[in-house]
Structures are given as structure tokens and as C-alpha cells.
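Reading through the C-alpha cells given below for one structure.
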Amino acid sequence: MIVINLDKAKGVAHNMRRAKRAEEFAPLDIKATIPSEAQQAEMSRQAIREKYAALQEQMDAAQSVDELKELLP
């Protein structure tokens with residue numbers, strides 16, 4: 001029988017979340033350096049931060065690997 005360590009699974013899931021977040025940030029990082037687009041880019045970046053902060057909390061609260069899999073980005 002295969003036993004999955006939930007804490008290690010959460011670590012892997014968080015790494016996947018961080019990679020996806022970085023992928024979404026990449027185009028906005030460039031736009032943030034353009035004065036005419038900086039304000040809109042920062043608003044978009046904040047929305048991404050909030051989305052992934054909520055996801056992080058849900059991942060931390062997951063009680064099973066199946067719950068964690070459902071949350072993966």
C-alpha cells in the first residue's frame with residue numbers, strides 16, 4: 001500500500017502554486033516598468049496576489065491528498 005505524506009504533498013503543491021503565480025506575474029513585471037501602464041499592472045498584480053493567498057490558505061487547510069489535488073492550479 002502506498003502512503004502519501006500530506007505535509008510533503010502540500011510542499012509540492014505550494015511549489016506548483018508559486019510557479020503558476022510567477023508565470024502570471026511575468027508579463028506584468030515588464031508592464032510595471034512602463035509609466036503609462038504601471039498603475040494598471042500593479043492593480044493586476046494585487047489581484048493575482050490575493051488569488052494565490054486565498055489558494056495558499058486553502059492548501060494549508062486541506063485534510064487529504066484528494067482535497068489538495070482539487071486545489072492545484
Next on the checklist: On C-alpha positions alone, give me the angle between the axis of helix 38-61 and the longest principal axis of the chain, in degrees, nearest 10.
Outcome noted: 10
Item to check | Protein accessible area in the chain, 1.4 Å probe - carbon and sulfur % | outcome: 55
Checklist outcome for this item: With the 1.4 Å probe rolled over protein heavy atoms, the chain has an accessible area per residue in Å² of 72
Checklist outcome for this item: Quick shape summary for the chain, equivalent ellipsoid via Cα gyration tensor, semi-axes whole Å in descending order, reads 32, 11, 7
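Just want to confirm a number: the relative contact order over the chain, from Cα pairs under 8 angstrom separated by 6+ residues, in percent.
Details: 41 pairs, mean separation 31.6, N = 73.
RCO, the chain: 43 percent.
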Checklist entry - Once the Cα atoms of helix 6-31 and of the chain are each reduced to a long axis, what angle between those two axes, in degrees from 0 to 90 to the nearest 10, is obtained? => result 10
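The values are calculated or read from the model by the stated rules, or taken from the named source; none is laboratory data. Remember, predicted model here, so these are calculated numbers, not experimental data. Ligands, DNA and RNA are stripped out before the accessible areas are found, and what is left, the full protein with its side chains, is counted by its heavy atoms. Shrake-Rupley method; radii C 1.70, N 1.55, O 1.52, S 1.80 Å.
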